[in-house]
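Notes follow the structure.
The values are calculated or read from the model by the stated rules, or taken from the named source; none is laboratory data. All values reported here derive from a predicted model rather than from experimental measurement. Reconstructed Cβ throughout: ideal geometry from the backbone, glycine too, with neighbour counts over all protein chains shown.
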Amino acid sequence: MDFDEHTTLEAVMDSFRNTPDPRTKQILTTLARHAHAAVRELRPTHDEWEQAIGFLTAVGHKSDDTRQEFVLLSDVLGISTLVETINGDAHGTEGTVLGPFHMVESPERELGESIDQLGTGTPCVVTGTVTGADGVVLGGATVDIWQCDENGFYDVQRPETQPRGNGRGLFRTDENGRFWFRTVVPSHYPIPTDGPVGELLAASRRHPYRPAHIHVIAETPGYKTLTTHMFVADSPYIDSDAVFAVKESLVVDFPESRDQAEADDYGVEIPFRRAHFDIRLAPEEAPE
Ligand code: BEZ
Ligand code: FE
């Protein structure tokens, strides 16, 4: 049978007709439909198609246990954020992308402890309360924190200058659902650009920067696990995140404080920066 531009797609769709799992069938037919539509619209030359296959091959070759170039590709195309948005729960704090740097377990730390082991950045105290959607305080919830240093590097990117676990802490909320810890104000930083995703950004004249942020995963039984960030309000790139992950509700002021009583309470010197971020967890079962 001769295939033209449209009957080729029909034949491919038909080839999936015996797929027993309905979701698999839906995924295969939807991908075929959209991919064919893109190719009909773009009308690539053989060279261009080879280049496309070469790009995806390079993305695969760049990926290993500690580097996931496909995730980075999904991030810069806004697909990670789209998946996050589709799966968000309006009853809780907004979620955002996980990112590639949650690759080591955060060390368990006491409330109030510092996650910064370098002592070179701007001191900062972060506080917050974890509640359910109905406002009930959630004592004993875990709050997993990770961030880069004041130069924009995570511990795993600079093993020669940062001890492993720097910028990371696994905290447990007190009986009133509160958490607090000391840190330094993180910097904005570029996502990794030494692979094919970096080439994509350069080809489209896009910058690779993410605004300064602190990552959070909050978790307790009976509630949906929340993966999110608190973004530093006055950070460069707050309006042009390379991975489209900023949500207005997650932007937090980090004002300077000269409150001596509070400095004594938290064991920091004045001046220090101060951030507060409350976390609301959506219940596992949707409320009536
Ligand atoms: C991060 O915030 O760690 C991150 C997120 C997406 C891509 C690269 C880095
Ligand atoms: Fe990050």
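Among (1) in a loop (DSSP other than H, G, I, E, B); (2) within 16 Å of ligand 2 (Cβ to nearest atom); (3) aliphatic (A, V, I, L, M); (4) closer than 20 Å to Ala263 by Cβ, where does Val126 come up short?
If we test Val126 against (1) in a loop (DSSP other than H, G, I, E, B); (2) within 16 Å of ligand 2 (Cβ to nearest atom); (3) aliphatic (A, V, I, L, M); (4) closer than 20 Å to Ala263 by Cβ, just (1) comes out false.
If you go through region 134-168, how many residues are part of a strand (DSSP E or B) and within 16 Å of ligand 1 (Cβ to nearest atom)?
Of all residues in region 134-168, those part of a strand (DSSP E or B) come to 137, 142-146, 168.
Still in the running and within 16 Å of ligand 1 (Cβ to nearest atom): 144-146, 168.
Total satisfying the criteria: 4.
Do we find a residue being of a type in the set (S, T, N, Q), over 27 Å from the mean Cα position of the chain (by Cα) and outside the structural domain of Gly198 (by TED's automatic domain parsing) anywhere in region 50-61?
Filtering region 50-61 for residues of a type in the set (S, T, N, Q) gives 51, 57.
Imposing the further condition that a residue be over 27 Å from the mean Cα position of the chain (by Cα) reduces the set to 51.
From what is left, the residues that are outside the structural domain of Gly198 (by TED's automatic domain parsing) are 51.
Scanning region 50-61 turns up at least one residue that is of a type in the set (S, T, N, Q), over 27 Å from the mean Cα position of the chain (by Cα) and outside the structural domain of Gly198 (by TED's automatic domain parsing).
Checking Val130 against (1) within 16 Å of ligand 1 (Cβ to nearest atom); (2) closer than 28 Å to Pro255 by Cβ: exactly one of these is not met. Which one?
For Val130, the failing item is (1).
Based on what the data block shows, is Val125 in contact with a helix residue (DSSP H, G or I) (Cβ under 8 Å, 6 or more places away or on another chain) and among the aliphatic types (A, V, I, L, M)?
Numbers: in contact with a helix residue (DSSP H, G or I) (Cβ under 8 Å, 6 or more places away or on another chain): yes; among the aliphatic types (A, V, I, L, M): yes.
It is true that Val125 is in contact with a helix residue (DSSP H, G or I) (Cβ under 8 Å, 6 or more places away or on another chain) and among the aliphatic types (A, V, I, L, M).
I need a count of the residues in region 144-164 that are over 13 Å from Ile191 (Cα atoms) and within 11 Å of ligand 2 (Cβ to nearest atom).
2
For region 136-159, give me each residue that is surrounded by fewer than 20 Cβ atoms within 10 Å (Cβ to Cβ) and at pLDDT 95 or above.
The initial filter retains those residues of region 136-159 that are surrounded by fewer than 20 Cβ atoms within 10 Å (Cβ to Cβ), namely 136-137, 139-140, 142, 144, 150-153, 156-159.
Val136, Val137, Gly139, Gly140, Thr142, Asp144, Glu150, Asn151, Gly152, Phe153, listed by residue number.
Right, Gly167: out of contact with any Pro (no Cβ under 6 Å at 6 or more places or on another chain) and within 16 Å of ligand 2 (Cβ to nearest atom) or not? Please lay out each step first, then the result.
On the way: out of contact with any Pro (no Cβ under 6 Å at 6 or more places or on another chain): yes; within 16 Å of ligand 2 (Cβ to nearest atom): yes.
Considered against the rule, which asks whether it is out of contact with any Pro (no Cβ under 6 Å at 6 or more places or on another chain) and within 16 Å of ligand 2 (Cβ to nearest atom), Gly167 comes out as yes.
In region 5-28, which residues are modelled with pLDDT of 95 or more, of a type in the set (Val, Ile, Thr) and loosely packed, with under 13 Cβ neighbours inside 10 Å?
Thr24, the sole residue that qualifies.
Need at least 1 residues that are among the hydroxyl-bearing types (Ser, Thr, Tyr) and within 30 Å of Asp134 (Cα to Cα) per element, so show me which helices (runs of 4 or more DSSP H) inside region 1-95 make the cut, counting only ones lying wholly within it.
On the way: elements: 5-15, 22-42, 46-62, 69-76, 79-86.
Qualifying helices (runs of 4 or more DSSP H): 79-86.
Tell me the strands (runs of 3 or more DSSP E) entirely within region 203-288 that contain at least 2 residues that are of a type in the set (S, T, N, Q). Reasoning before the result, please.
Working: elements: 213-219, 226-232, 272-276, 279-281.
Because the criterion is at least 2 residues that are of a type in the set (S, T, N, Q), the strands (runs of 3 or more DSSP E) in region 203-288 that meet it are 226-232.
If we keep just the residues of region 70-100 that are over 21 Å from Phe55 (Cβ atoms) and surrounded by 19 or more Cβ atoms within 10 Å (Cβ to Cβ), which is farthest from ligand 2 (Cβ to nearest atom)?
This residue is Gly92.
Which of the following residues is in contact with a Leu (Cβ under 9 Å, 6 or more places away or on another chain) and of a type in the set (Asp, Glu): Glu108, Glu113? Don't jump to the end; show me each part of the working.
Details: Glu113 fails: in contact with a Leu (Cβ under 9 Å, 6 or more places away or on another chain).
Glu108 is the lone residue from the list that is in contact with a Leu (Cβ under 9 Å, 6 or more places away or on another chain) and of a type in the set (Asp, Glu).
Which of the residues that make up region 217-239 are of a type outside the set (A, V, I, L, M) and within 29 Å of His207 (Cβ to Cβ)? Full working, then the answer.
The first filter runs over region 217-239 and keeps only residues of a type outside the set (A, V, I, L, M), leaving 219-225, 227-229, 231, 234-237, 239.
Hits for region 217-239 are Thr227, Thr228, His229, Phe231, Asp234, Ser235, Pro236, Tyr237, Asp239.
Output the number of the condition that Glu41 fails; it satisfies all remaining conditions of (1) surrounded by 10 or more Cβ atoms within 10 Å (Cβ to Cβ); (2) within 22 Å of Ser204 (Cα to Cα); (3) not assigned by TED's automatic domain parsing to the domain that holds Val252.
Answer for Glu41: the failing condition is (1).
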